[in-house]
There are 2 protein chains.
Amino acid sequence: MGRACPPCSFGKPPMSLAHVILGLLQHQERTGYDLKTECFDDGMSHLWPADQAQIYRTLDKLESQGSITCTVEIQHDRPNRKVYRITQAGEAELTHWLQTHHPLPVLREPLLVQLYFAAQLPNEAIVYLLEQELEARQEKLAQCETIEALSLSHPTASREQELHQLVLDLVKQREQTYLDCLEQAIRAVHRLSDRNNP
Amino acid sequence: MGRACPPCSFGKPPMSLAHVILGLLQHQERTGYDLKTECFDDGMSHLWPADQAQIYRTLDKLESQGSITCTVEIQHDRPNRKVYRITQAGEAELTHWLQTHHPLPVLREPLLVQLYFAAQLPNEAIVYLLEQELEARQEKLAQCETIEALSLSHPTASREQELHQLVLDLVKQREQTYLDCLEQAIRAVHRLSDRNNP
DNA sequence: ATCCTATATATGACTAATCATATAGTAGCA
DNA sequence: TGCTACTATATGATTAGTCATATATAGGAT
């Protein structure tokens, strides 16, 4: 049943974090620590936040499936580093994944559920909820603006950097839309009939 | 340490599905099967899709924590039904949750990752990827429109229905924004420098 | 002398969610 | 007669992700 595919993972589920890591390693060899501090805590944070534990475990998985290799750099003043590099198999895997359409991620927003069941709350309580969300969203947009500053300081706009900028713009636009929606929702709740209130 | 709180779950993590179920049961008593077929497969699908197995396990948890009770209705032509009702403790829990601000859900979009690492692909391949996503998003928006039809057929706009309509509008607007962003991204990729191409 | 931070990897425990499968009776259809 | 669909609940296995904690060393601050 199905085609045999021992050393690669085609046909298997998404494993998106694995492919993010492949994408990062393709650009430059790195350790798990590098990935965490230089990538996932920084430019990747708005795109694909990742936990340290999950990064290390994914590196193990990628190595055991042959998509990356590892060499240990012995350090005497500090703990040894395990430096990972992408293999040819890993590059093929990445290229394939980059061209494959993946199912839309499911977005579950607690706020919308709250709004859905909010009939028992007075309008002010609902507005308060929306305002708290608005604040959190504003903070998040502000974080995105920070990333932009770093990106713009690089004047040479390579194809790669153009794409990074495009992604960042899309994320920022997404966040801005959330803000617009929330403000609109607040106005809508103000217009809500207040009958049947507790 | 911390305040003791034996029979309730205040202070614990989100458990959002549990609260969605509480919200649904507050309106009307239901079985797990009812919840799945009448709620989560229907009007709730765009808001909080839920797996059958998870629904049943969450019902168990809610019952054991005292937020809902269960009575078995014996049926002879069909399997027995376990009918769940919300308790006072459950209502208190729900009311509290409804008024609490919850952390923003993290959205990880494989497409944006693909775009981020797409420099090695020719522009046409990137556009193709975006067009596939566009198609999937159009389908999803079409599903949302279907739900609206059901909602509008109810002419009496109670406070509850107004809120349901508001939520649906927000979801639809979110989807429409995705479509706009994708079209914009496609135009941007067409303008992308094609240097450094494979 | 003590504490904190940075560097670096690893493991255990847990939640949320998904998928597959089991059980079991009725009813309709071909 | 067998096949499928509907009603109804339950469990096992697995993935993705999070949180906490362990280990170990160097260097700077208090």
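The values are calculated or read from the model by the stated rules, or taken from the named source; none is laboratory data. Keep in mind the model is a prediction, meaning the values are calculated, not measured. Virtual Cβ from ideal backbone geometry, glycine too; neighbours counted across all protein chains shown.
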| said: Just to be sure before I move on: is B:GLU109 surrounded by 16 or more Cβ atoms within 10 Å (Cβ to Cβ), at the interface with chain A (Cβ under 8 Å from one of its Cβ atoms), acidic (Asp, Glu) and closer than 27 Å to A:MET15 by Cα in the structure I sent? | reply: yes
| task | Kindly list, by first and then second residue, each pair from a residue in the stretch A:37-58 that is free of Cβ contacts under 8 Å to residues at least 60 places away in the same chain to a residue that is in a loop (DSSP other than H, G, I, E, B) and near DNA strand D (Cβ under 7 Å from one of its atoms), limited to pairs with Cβ atoms under 7 Å and residues at least 6 apart or on different chains. | result | A:PHE40/A:PRO49; A:PHE40/A:ALA50; A:TRP48/B:ARG108; A:PRO49/B:VAL106
| query | Only one of A:ASP34, A:ASP51, A:ASP60, A:ASP41 is within 14 Å of chain B (Cβ to nearest Cβ) and within 12 Å of DNA strand C (Cβ to nearest atom); which? | reply | A:ASP51
| Within the bounds of the stretch B:73-89, is there any residue that is more than 17 Å from the chain's Cα centre (by Cα), among the small types (Gly, Ala, Ser) and modelled with pLDDT of 95 or more? | yes
| remark: Expected single match for touching a Cys at 6+ places or on another chain (Cβ under 8 Å) and in contact (Cβ under 8 Å) with a residue 60 or more places away in the chain among A:ALA119, A:ALA92 is A:ALA92
| message | When you scan the stretch B:110-117, do you find a residue that is part of a loop (DSSP other than H, G, I, E, B) and modelled with pLDDT under 95, even just one? | response | no
| task | Scan the stretch B:161-169 and give yes if some residue there is surrounded by fewer than 16 Cβ atoms within 10 Å (Cβ to Cβ), at pLDDT below 95, more than 7 Å from every other protein chain (Cβ to nearest Cβ) and over 24 Å from A:GLU183 (Cα atoms), otherwise no. | result | no
| note | When (1) of a type outside the set (Val, Ile, Thr); (2) more than 16 Å from DNA strand D (Cβ to nearest atom); (3) part of a helix (DSSP H, G or I) are applied to B:ASP34, the one that fails is (2)
| said: Given the condition away from DNA strand D (no atom under 16 Å from the Cβ), over 19 Å from A:ARG174 (Cα atoms) and among the hydrophobic types (A, V, I, L, M, F, W, C), answer yes or no: does some residue in the stretch B:67-79 qualify? | reply: no
